[in-house]
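Report on the structure given below.
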Amino acid sequence: SGSSSKNSSLPSILLAGPSGAGKTALLTLFEKRAGRKTSTSTETDEKKSTEPAATHTSQTPVSVQLNAASSEEDKVKKFLLIDTPGHPKLRSTALSHLLPLDPKTGRPLPPSKTSQIKGVLFLLDASTLSPSSPDSSLSQAATYLYDLLLALQHRYSRYTKGSKHPPSIPVLIAANKLDLFTALPASLVKKELEAELGRIRVSRSKGLLDSGVREDDLGAGEKEEGDDWLGEYGSERFEFRQMVEFDIEVEVVGGSVVGGEGPGCEGWWRWVVERV
Ligand code: GTP
Ligand code: MG
């Protein structure tokens with residue numbers, strides 16, 4: 001990540017989600033609302049504007065330090081928002097924050113790097129999510145979400161020692177672009193995602209069986225049965241609440257980053273402030 005060592009001790013929120021979801025636009029909006037203190041950005045111009053800046057596909061992670069004014073305590077909390085690229089080839093940037101792997105052995109490293117991540121904001125474009133929309137983004141979004149939730153599930157099972165669990169990392173699925181008329185409301189976004197994650201789960205477990213590859217041919221020989229299975233093992237339908245078993249709370253909240261007609265991003269901001 002691009003954050004300096006001085007910043008890395010701050011509580012952090014990881015911004016993830018597929019390309020074009022609006023992550024960088026949201027970061028820009030939050031910066032305006034909370035005031036940028038430090039930016040370790042290596043790619044954005046220091047342009048002043050009144051709208052979320054015109055964004056382009058992110059290729060490098062960007063961290064900004066923000067202030068969350070908490071109304072009860074009347075004091076300012078500093079936290080980091082870590083923007084990550086959504087391109088399928090660059091997703092390890094985000095996942096490595098949740099489950100850092102040793103590049104040599106591919107085994108999980110101790111969770112030190114993850115300890116300051118207080119939550120994941122998984123943004124997606126709800127206006128193209130409907131399975132019936134041309135160029136539906138459902139499969140792309142769900143594939144990424146599957147890998148992200150599975151990384152958190154592995155984090156839970158691998159770092160649990162006896163009754164000691166790693167600090168939980170909740171996930172907010174932010175259904176963005178609700179200003180557009182084709183957008184699905186949060187309740188439908190949840191339903192479509194659960195159905196698609198269920199399909200991915202089945203096809204991945206079948207893929208393993210159908211390929212005729214023996215488990216111990218798969219590399220490190222450490223793959224266990226059910227390792228790629230998200231949620232309750234053997235259950236017929238996938239539901240987000242199955243993640244609670246792994247201490248992972250998942251919520252779906254709608255909003256919009258741009259477009260005056262939309263619901264805005266108040267709900268997401270509140271979620272962030274409560275967790276940092
Ligand atoms: P990558 O960096 O490629 O991973 O994408 P990203 O998630 O950072 O997307 P980005 O912020 O670049 O936004 C993509 C496009 O969506 C931009 O043109 C934004 O202006 C637009 N956009 C973001 N939020 C909204 C929204 O709430 N409504 C509408 N209509 N457009 C939005
Ligand atoms: Mg971006």
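The values are calculated or read from the model by the stated rules, or taken from the named source; none is laboratory data. None of the values given here were measured: they were computed from a predicted structure. Cβ coordinates were reconstructed from backbone atoms using ideal geometry, including for glycine residues, and neighbour counts include every protein chain displayed.
Numerical summary
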read-out: Filtered residues of segment 136-188 (kept if among the acidic types (Asp, Glu) and touching an Asp or Glu at 6+ places or on another chain (Cβ under 8 Å)); value: Asp179
read-out: Extreme residue, farthest from Gln140 (Cα to Cα), among residues of segment 94-113 that are part of a helix (DSSP H, G or I) and over 11 Å from the mean Cα position of the chain (by Cα); value: Ser112
read-out: Close pairs from segment 228-257: first acidic (Asp, Glu), partner away from ligand 2 (no atom under 16 Å from the Cβ) and at pLDDT 95 or above, Cβ under 6 Å, at least 6 apart; value: Glu232/Gln242; Glu239/Glu194; Glu249/Pro170; Glu251/Leu172
read-out: Answer from Asp74, Asp45, Asp125, Asp102 - the residue that is at pLDDT 75 or above, farther than 21 Å from Glu251 by Cα and among the acidic types (Asp, Glu); value: Asp102
read-out: Within segment 78-95, tally of residues that are buried (at least 18 other Cβ atoms within 10 Å of the Cβ) and more than 16 Å from ligand 1 (Cβ to nearest atom); value: 2
read-out: Residue match in segment 148-161 (condition: on the phi < 0 side of the Ramachandran plot and part of a strand (DSSP E or B)); value: yes
read-out: Qualifying residue in segment 252-267 (condition: part of a helix (DSSP H, G or I) and away from ligand 2 (no atom under 16 Å from the Cβ)); value: yes
read-out: Segment 55-79 residues that are away from ligand 2 (no atom under 13 Å from the Cβ) and β-branched (Val, Ile, Thr), paired with ones that are at pLDDT 75 or above and not in a loop (DSSP other than H, G, I, E, B) (beta carbon under 9 Å, 6 or more apart); value: Val76/Asn67; Val76/Ala68
read-out: Residue, modelled with the highest pLDDT, within segment 4-42, restricted to residues that are in a loop (DSSP other than H, G, I, E, B) and of a type in the set (Val, Ile, Thr); value: Thr40
read-out: Qualifying position, being modelled with pLDDT of 95 or more and polar (S, T, N, Q), among Ser96, Ser136, Ser112; value: Ser136
read-out: Residue satisfying condition, being modelled with pLDDT under 70 and assigned to a loop (DSSP other than H, G, I, E, B), within set Thr50, Thr57; value: Thr50
read-out: Qualifying residues in segment 232-251 (those that are in a helix (DSSP H, G or I) and of a type outside the set (D, E, K, R)) - the one surrounded by the fewest Cβ atoms within 10 Å (Cβ to Cβ); value: Val244
